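The values are calculated or read from the model by the stated rules, or taken from the named source; none is laboratory data. Every value quoted in this text rests on a predicted model; they were computed, and no experiment measured them. Here Cβ is always computed from backbone atoms with ideal geometry, including for glycine, and neighbour counts include all displayed protein chains. Protein only, heavy atoms only, side chains kept; ligands, DNA and RNA dropped before computing areas. Shrake-Rupley method; radii C 1.70, N 1.55, O 1.52, S 1.80 Å.
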Amino acid sequence: MAFLLDTGVVLSLIGGKEIGTRIDAAFGLRSSAIRPAVCIVSYGELLAMAHTNRATLGAKAETDIHAAMAALNVIDIDDAE
């Protein structure tokens, strides 16, 4: 089974929030043989949030986002599949 994750789910997973942990456990996102997908728009939203909150989050937030995206299948908005 393949999953397309929205911005909120990815943010919860990256942040180690309880809801992210529960979603991961329920659906086996990190252990799945098929990498979950995320739209490039969500990637941009996450980077915009990190940039906006850079004073409080620091540069590590952007690094964490890039690392998380490397583990996901990032799809373009015009991908017909």
> How many of the residues making up the stretch 29-47 are loosely packed, with under 13 Cβ neighbours inside 10 Å and not β-branched (V, I, T)?
Replying inline: 4
> From the set of residues in the stretch 16-28 that are over 28 Å from A80 (Cβ atoms) and not acidic (D, E), which is most open to solvent (accessible area, probe 1.4 Å)?
Replying inline: R22
> Based on what the data block shows, is S31 of a type in the set (G, A, S), over 21 Å from D76 (Cα atoms) and part of a loop (DSSP other than H, G, I, E, B)?
Replying inline: yes
>> Within the stretch 50-61, take every residue that is surrounded by fewer than 16 Cβ atoms within 10 Å (Cβ to Cβ) and within 15 Å of T7 (Cβ to Cβ) and give me the one that is modelled with the lowest pLDDT.
In response: N53
> Would you call I40 over 15 Å from the mean Cα position of the chain (by Cα) and in contact (Cβ under 8 Å) with a residue 12 or more places away in the chain?
Replying inline: no
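Of everything in the stretch 59-75 that's in a helix (DSSP H, G or I) and small (G, A, S), which residue is farthest from V38 (Cα to Cα)?
To start, the set of residues in the stretch 59-75 that are in a helix (DSSP H, G or I) comprises 60-70.
Restricting the remaining residues to those that are small (G, A, S) gives 61, 67-68, 70.
Details: A61: 18, A67: 13, A68: 10, A70: 11 Å.
Ranking the qualifying residues of the stretch 59-75, first place goes to A61.
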>> Being free of Cβ contacts under 8 Å to residues at least 12 places away in the same chain and in contact with a helix residue (DSSP H, G or I) (Cβ under 8 Å, 6 or more places away or on another chain) is the requirement here; does R54 meet it?
In response: yes
> For the stretch 1-15, what are the residues that are of a type in the set (G, A, S) and open to solvent by 70 Å² or more (accessible area, probe 1.4 Å)?
Replying inline: A2
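Give the number of residues within the stretch 1-17 that are part of a loop (DSSP other than H, G, I, E, B) and modelled with pLDDT of 90 or more. It would help to see each step written out before you state the result.
To start, the set of residues in the stretch 1-17 that are part of a loop (DSSP other than H, G, I, E, B) comprises 1-3, 6, 16-17.
Restricting the remaining residues to those that are modelled with pLDDT of 90 or more gives 3, 6.
Of the residues in the stretch 1-17, 2 are part of a loop (DSSP other than H, G, I, E, B) and modelled with pLDDT of 90 or more.
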>> Looking only at the stretch 36-58, filter to residues that are polar (S, T, N, Q) and in a helix (DSSP H, G or I); which one of those is farthest from A71 (Cα to Cα)?
In response: T56
